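The structure appears below as structure tokens.
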Amino acid sequence: MGTLLSDVRYGLRMLAKNPGFTAVAALTLALGIGANTAIFSVVNAVLLQPLPYDQPDRLVSVVSTMLPSNRDANASYPDFLDWRARNHVFEGLAAFDTRGFTLTGTGTALRLNGAVVSADLFRLLGVNPALGRWFLPEEDKPGADQGTDAVILSQALWKRQFGSDAQVIGRTVQLDGKPFVIAGVMPGSFQFPPPPQTDSPELWTTIAVDAEAPGGGITTERGAHYLDVMARLKPGITVTQAEAEMRTIAGDLNKQFPENHPRGAKVLPELSELAQNVRPALLILLGAVGCVLLIACANVANLLLARGTARQREIAIRSALGASRGRVMRQVLTECVVLSCLGGALGLLLAIWGIDLLVRVIPEGVPRLSEIGLDARLLVFAVVVSLLTGLLFGLVPAVQGSKTDLTEALKEGARGASEGVQRSRVRSTLVVGEVAIAMVLLVGAGLLMKSFVRLERVDPGFKADHVLTFGLQPPSTYDIGRRQQFFRQVVARIHSSPGVRSASAVTPLPLGGDEADCGFQIEGSPVPEASAPNTHYTAAEPDYFRTMGIPFLQGRDFTPRDDLETTPVIIINQTLAELFFPGQNPIGQRIKPGIGNGYNEPPMREIVGVVGDVKPVRLNGPRSAQVYVPMAQSPSGSVVIVARTATDPATIASAARDEVKALDKDVPVFAVKALDEYVGDSVSESRFTSRLLGSFAGLALILAAVGIYGVISYSVTQRTHEIGVRIALGAGLGDVLKLVVGQGVRLALAGIGIGAVAALGMTRLLRTMLFGVQPSDPLTFALVSSILCAAALLATYVPARRATKVDPMVALRYE
């Protein structure tokens with residue numbers, strides 16, 4: 001330990017004697033370590049930290065899948081009940097669905113984020129309420145508590161709306177116009193489902209709210225798939241064993257209910273299911289900053305090799321005095337680790353700043369962002385990375401430095417001798433590696449940027465500019481007729497507001513995050529329900545298509561007369577018309593979507609119009625069938641109002657709130673956004689990933705160029721005598737430039753060639769993140785190669801110009 005401390009003190013003195021070298025090396029390492037630590041903080045919070053529940057490793061997500069595509073989907077409540085009753089692998093199962101609730105009776109009506117859950121959810125999670133109790137099993141049924149459903153509050157809502165009153169348990173509150181009794185208050189740290197950046201649930205109620213319609217409502221419909229399901233494995237049961245049994249149960253249900261679309265099931269660890277959409281992007285970003293750190297290490301190693309040449313005499317004296325090769329290596333490695341720790345300390349400061357920046361720019365939809373921050377695991381990561389970095393970039397200089405030839409090094413002229421061929425090759429190899437890594441990163445960033453540009457150019461099928469949107473959900477005490485009247489009154493008032501050109505209502509809003517799918521039948525071509533084609537289902541008010549700028553191709557729009565008393569009608573999109581009515585006029589044909597809101601069973605509907613295709617869910621989605629029905633013939637509990645304005649949509653937001661309040665003060669306006677914000681949000685993940693990877697690739701390019709500059713500049717210094725001789729023998733300026741620039745270009749071309757081969761393999765990992773671009777896109781490879789060549793030429797220009805100014809007399813006299 002005494003020797004180690006002595007080496008550390010000596011290393012610190014050497015770094016202090018060379019402040020320029022120390023500053024450059026420490027800053028280079030700080031950039032690499034800081035970037036890695038910042039990205040790891042996101043990976044740690046989203047992918048690695050266990051969920052804050054009891055024994056989280058036994059919590060799994062049970063996912064219903066659509067066969068034969070095996071696409072993930074939600075579960076129906078009857079399926080959930082059968083899963084719970086028939087399995088032998090779970091201690092318990094719980095179902096849940098997130099939605100909004102309107103709280104009234106406490107002042108201004110509030111729109112709250114909430115969740116509908118099965119009664120045993122909190123028991124399954126192993127989290128006790130801070131006040132009150134869990135839900136009781138019988139509270140899954142409507143009106144279990146003397147005609148009143150139960151609700152559990154978040155601690156934030158309890159403090160904000162109820163003044164932290166400990167006597168709140170048992171009090172009745174109004175949610176969506178119905179009474180609910182408060183059963184409990186959860187701890188302040190509790191969140192379920194774990195939220196993305198926003199929308200943390202503020203209250204929880206039971207599945208009873210979905211079972212209150214006559215006949216049990218949606219909870220009796222096996223075809224209504226809207227629930228997420230989680231479970232806790234029994235001790236000793238693996239995920240594979242659980243999935244095998246769930247597939248067997250799903251197969252049995254398919255045989256028992258052949259009229260439904262066949263379903264499969266899969267079981268995933270809950271943490272994996274939660275982060276599955278963001279995992280690839282985060283791992284790619286972590287790999288990218290790892291590559292940046294490798295380039296930084298190569299640069300610092302080159303600096304140390306150059307510095308090692310100047311220390312050959314010192315090391316030779318140490319060896320002559322009895323220091324073993326291992327002792328010399330240990331001294332050099334200790335200095336490197338001290339340097340890397342200094343860089344790590346600076347990097348940690350950069351990471352703290354970078355974490356705050358990342359949290360601000362990460363798009364919505366990434367779960368558990370509130371947990372990102374500096375913790376013990378992050379500090380350990382920074383320390384370990386700093387130590388490993390020191391060993392990584394110090395290993396080559398340590399090995400090379402310990403090979404000093406004592407006889408040559410101790411000669412008087414050794415101080416000016418040129419470095420050995422082997423050391424020069426090592427430096428060149430490091431630069432080639434830097435360029436190769438930079439090539440991989442630049443190609444990946446180029447592909448993602450090109451993909452993002454193409455995604456931004458996708459036509460969503462509507463005109464997103466100058467459209468204000470906001471949500472409305474009247475109390476459940478409104479009957480169907482009153483709801484429809486209320487929506488139309490709001491639309492009429494908004495339409496008559498100054499600056500509004502047209503207004504309408506729809507559910508769901510395209511690119512709004514919600515979707516409704518169903519199968520459909522074509523009159524005269526019946527197929528089994530299990531084989532029926534699927535379509536997106538939208539309910540809209542008259543004038544919706546004009547307000548959204550969706551082109552009419554044939555037929556007419558809906559009218560106020562299209563209600564439950566008249567002929568059921570429907571408008572289809574261009575894709576459905578081309579796929580199912582090729583070469584025919586679809587107007588007047590009849591189809592039957594599988595959703596029958598407002599009817600005892602889904603009716604056959606007459607096609608009265610054909611409109612252009614719209615991207616209903618995401619911009620990078622394929623063309624798909626879509627149908628529109630009159631909202632009066634498919635009543636909905638909540639809608640989105642859309643209003644096209646002559647000026648900035650934000651200018652009418654306040655007036656819109658006032659109009660709704662004038663009609664009913666207990667109906668809050670929520671999710672007020674311009675339509676183009678939804679379009680921007682739909683590409684936010686692609687924008688974030690491409691820009692961040694582009695930033696890392698740009699940093700890699702700069703570091704690689706600095707590496708080339710350092711090698712060529714040092715080479716020019718070492719070859720001053722040779723260049724002087726060449727000039728004395730008649731070499732022109734062009735010959736000297738060609739000699740020096742050629743050395744740098746050869747290193748760059750070697751790195752580009754190796755990097756291109758590596759990129760062809762590595763970019764295949766990006767396939768699922770690309771849109772309209774192939775991983776082997778030749779234009780991207782050619783452009784990146786050109787950029788690297790240009791950077792290499794620029795990096796070699798300064799030392800090449802310096803070489804042309806060598807005075808042969810001075811060079812020869814010095815030798």
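The values are calculated or read from the model by the stated rules, or taken from the named source; none is laboratory data. Treat the numbers as computed from the prediction; the structure is a model and nothing was measured. Every residue, glycine among them, receives a Cβ derived from its backbone with ideal geometry; neighbour counts consider all protein chains shown. Keep in mind that these areas ignore ligands, DNA and RNA; they rest on the heavy atoms of the full protein, side chains included. Shrake-Rupley method; radii C 1.70, N 1.55, O 1.52, S 1.80 Å.
Each part reduced to its alpha carbon centroid, the stretch 1-32 and the stretch 653-688 end up 56 Å apart. Among beta bridges from DSSP that stay inside the chain, the antiparallel ones total about 80%.
Sparsely packed loop sites in the stretch 218-275 (the GluC sites (Glu not before Pro) outside DSSP H, G, I, E and B with at most 12 other Cβ atoms within 10 Å) comprise 259. Annotation for the stretch 88-134 versus the stretch 733-750: alpha-carbon center distance of 69 Å. The phi-based Karplus calculation (6.51 cos²θ - 1.76 cosθ + 1.60; θ = phi - 60°) puts the 3J(HN,Hα) values of the stretch 603-609 at x, 5, 10, 7, 6, 10, x Hz, whole numbers, x for Gly and Pro. In sequence order, the stretch 522-528 has phi-based couplings of 9, 4, x, 9, x, 9, x Hz under the Karplus curve 6.51 cos²θ - 1.76 cosθ + 1.60, θ = phi - 60°, and Gly or Pro positions carry x. Only protein atoms count toward the accessible area here, which uses a 1.4 Å probe; on the chain, the carbon and sulfur part of that area reaches 58 percent.
Compactness ratio for the stretch 594-683: Cα radius of gyration over 2.2 N^0.38 Å (N = residue count) comes to 1.38.
Separation of the stretch 170-186 and the stretch 698-731, taken as the distance between their Cα centroids, equals 77 angstrom. The 3J(HN,Hα) values that the Karplus relation (6.51, -1.76, 1.60; θ = phi - 60°) gives for the stretch 635-648 are, in residue order, x, 10, x, 9, 9, 10, 7, 10, 9, 8, 10, 7, 10, 4 Hz. Gly and Pro appear as x. For the stretch 490-631, DSSP calls about 60 percent of its internal beta bridges antiparallel. So how tilted is helix 19-43 from the main axis of the chain? Cα-based, degrees 0 to 90, rounded to 10. Between helix and principal axis, roughly 20 degrees. Measure nothing but the geometry: give the 0 to 90° angle between the long axis through the Cα atoms of 684-718 and the longest principal axis through the Cα atoms of the chain, rounded to 10°. Result, in degrees: 0. Remark on residue 573: its backbone amide H falls under 5 Å from those of 611, 626, a criterion applied only to residues 5 or more positions apart or on other chains, H modelled at 1.01 Å from N. Once the C-beta distance of residue 98 and residue 66 is scaled by a Förster radius of 30 Å, the resulting FRET efficiency is 0.90 to the nearest 0.05. Residues whose amide H lies under 5 Å from that of residue 225, counting only those 5 or more places away or on a different chain, are absent; hydrogens are built 1.01 Å from N in the peptide plane. Database remark: amide H of residue 264 closer than 5 angstrom to the amide H of 65, 66, 67 (H placed geometrically; neighbours at sequence offset of 5 or more, or on other chains; Pro and chain starts carry no H).
The long axis of helix 325-361 is offset from the longest Cα principal axis of the chain by roughly 30 degrees. Averaged per residue, what accessible surface does the stretch 725-809 expose to a 1.4 Å probe, in Å²? Computed with neighbouring chains in place, this is 55 Å² per residue.
From the Cα gyration tensor of the stretch 558-716, with a ≥ b ≥ c the square roots of its eigenvalues, which class applies: rounded if a/c is under 1.5, or else prolate if a/b is larger than b/c, or else oblate? Taking the square roots of the gyration eigenvalues as a ≥ b ≥ c, the stretch 558-716 is oblate.
Packing here is the average count of other Cβ atoms within 10 Å per residue, and on that basis the peptides 590-598, 356-364, highest first, run 590-598, 356-364. Given the choices [x] 53.0; [y] 43.9; [z] 57.2, mean projected area of the Cα convex hull in nm² derived from the coordinates of this structure is entry [y].
Our compactness index for the stretch 660-815, the C-alpha radius of gyration over the empirical 2.2 N^0.38 Å, is 1.78.
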